[in-house]
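The values are calculated or read from the model by the stated rules, or taken from the named source; none is laboratory data. Being a predicted model, the structure only gives us computed values, none of them experimental. Here the Cβ positions follow ideal geometry from the backbone for every residue, glycine too, while neighbour counts run over all protein chains shown.
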Amino acid sequence: MEDLSTWGPQRVASATVTVSEAEAYCRRLAQTHYENFPVVSWLLPRELHQHFYNVYAYCRWSDDLSDEIDDDARSLELLDWWLGELRQCYSGAATHPVFVALRATVQEFEIPIDPFEDLLSAFQQDQRVREYQTFDELRDYCRRSADPVGRIVLRLCRSYSDQNVAWSDSICTGLQLANFWQDVARDLDMGRIYLPAEDCTRFGYSRQSLQSRETSPEFLKLMEFQVDRARQFLTDGLPLVEALPGRLQIDIDLFIRGGLRILNHIEQIGYRVWETRPVVKKWELLPLLAGSTLRHLRRRLARRPKSGQNSG
């Protein structure tokens, strides 16, 4: 991605883009950036593709303004600018290509500004908070850093309800936790610790051991506990799959199963995440997709009237 630190009000003010150009920018960004799973699968209804690209571009920029800027003060400055651009988008004065494209999405699906602002508040917190004392604190962070994405997706799928939101929040937090435990070493490289201090104390894993990246029996038990907790969040959200329409079930099931696969990989390496970063390989995506598709077909068959049954 380009040098984000060069962006700001002056640069955006001097640039004008059409909606078509802005959508092409978001599409290109989504299709070229590495993720564990494709942003848009071929199963997603075609009419939703561009909207998913637009939302992804917003999330990608927000995340990169938090993580790819070396100076915390500059990062906060740019995140404040990005928040201003978001609010301009909602007032009808979008200038940045991401917001030029996103405006049509938020209008068509009547998405409130709250989930977008919640995401930014989490990224701003990343510049100020480097570690968490309790899981409740970490869960609150996930509520703003992960759960809003699921809530936006529910809007795009026109499946927003209190029950679906509860299941979606559980899935999104589970995915966020899986990412944390996958990236324990990488996060420490950036000076961030997502393992709650209360859990480290509970399992007898000292701050010194953490800073030394010590793989001890205490650490392995700590990581086993965290993996089990993340797995529970993901499985608690599984009922959302059947609550969604059509092929969207396959996409959501695929994301859940992908998160579970990451956790399984952590378990398979004996929770030794200091030494190895577990990832879902590209060749694993096909069997994951096949499994999600098969479960979808079975659900459809189970709902069909049995032969000879009076359907009327």
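Please specify each residue of the stretch 185-194 satisfying the condition of being in contact (Cβ under 8 Å) with a residue 60 or more places away in the chain and in contact with a helix residue (DSSP H, G or I) (Cβ under 8 Å, 6 or more places away or on another chain).
MET190, ARG192, ILE193, TYR194
Take the residues in the stretch 108-157 that are closer than 18 Å to PHE180 by Cβ and aromatic (Phe, Trp, Tyr), then tell me which one is surrounded by the fewest Cβ atoms within 10 Å (Cβ to Cβ).
That would be PHE135.
Taking interchain pairs and intrachain pairs at least six residues apart, which have beta carbon atoms under 7 angstrom, with the first residue in the stretch 55-67 and among the charged types (D, E, K, R) and the second not in a helix (DSSP H, G or I)?
Pairs found: ARG60/HIS33; ASP64/MET1.
Residues in the stretch 86-95: is at least one of a type outside the set (Gly, Ala, Ser), farther than 20 Å from LEU154 by Cβ and either assigned by TED's automatic domain parsing to the domain that holds ARG155 or not in a helix (DSSP H, G or I) (or both)?
yes
All but one of (1) touching a helix residue (DSSP H, G or I) at 6+ places or on another chain (Cβ under 7 Å); (2) outside any loop (DSSP other than H, G, I, E, B); (3) without any contact (Cβ under 8 Å) to a residue 12 or more places away in the chain hold for GLN208, so report the exception by its number.
Evaluating GLN208 over (1) touching a helix residue (DSSP H, G or I) at 6+ places or on another chain (Cβ under 7 Å); (2) outside any loop (DSSP other than H, G, I, E, B); (3) without any contact (Cβ under 8 Å) to a residue 12 or more places away in the chain leaves (1) as the failure.
Filter the stretch 234-247 for residues that are crowded, with 22+ Cβ neighbours inside 10 Å and of a type outside the set (Gly, Ala, Ser); which is farthest from LEU44 (Cα to Cα)?
Within the stretch 234-247, the match that is farthest from LEU44 (Cα to Cα) is LEU234.
Which residue is modelled with the lowest pLDDT, if the candidates are limited to the stretch 9-52 and must be within 17 Å of PRO97 (Cα to Cα) and touching an Asp or Glu at 6+ places or on another chain (Cβ under 8 Å)?
So, considering only residues that are within 17 Å of PRO97 (Cα to Cα) and touching an Asp or Glu at 6+ places or on another chain (Cβ under 8 Å), the one modelled with the lowest pLDDT is VAL12.
Looking for whichever is touching a residue at least 24 places away in the same chain (Cβ under 8 Å) and surrounded by fewer than 19 Cβ atoms within 10 Å (Cβ to Cβ) here; the options are LEU177, LEU220. Which one fits?
Just a single option satisfies the conditions, and that option is LEU220.
Given the criterion within 19 Å of LEU138 (Cα to Cα) and in contact (Cβ under 8 Å) with a residue 60 or more places away in the chain, identify the matching residue among ALA243, ALA197, ALA230.
That would be ALA197, the only listed residue that is within 19 Å of LEU138 (Cα to Cα) and in contact (Cβ under 8 Å) with a residue 60 or more places away in the chain.
Looking only at the stretch 227-281, count every residue that is within 22 Å of VAL184 (Cα to Cα) and either among the basic types (Lys, Arg) or part of a loop (DSSP other than H, G, I, E, B) (or both) and tell me the total.
The number of residues fulfilling the criteria is 17.
Does ILE152 satisfy the criteria of being out of contact with any Gly (no Cβ under 9 Å at 6 or more places or on another chain), more than 24 Å from ASP199 (Cβ to Cβ) and not assigned by TED's automatic domain parsing to the domain that holds ASP67?
Judged against the criteria, ILE152 is a match.
Could you tell me which residue of the stretch 199-215 is surrounded by the fewest Cβ atoms within 10 Å (Cβ to Cβ), considering only residues that are of a type in the set (S, T, N, Q) and out of contact with any Leu (no Cβ under 9 Å at 6 or more places or on another chain)?
GLN208
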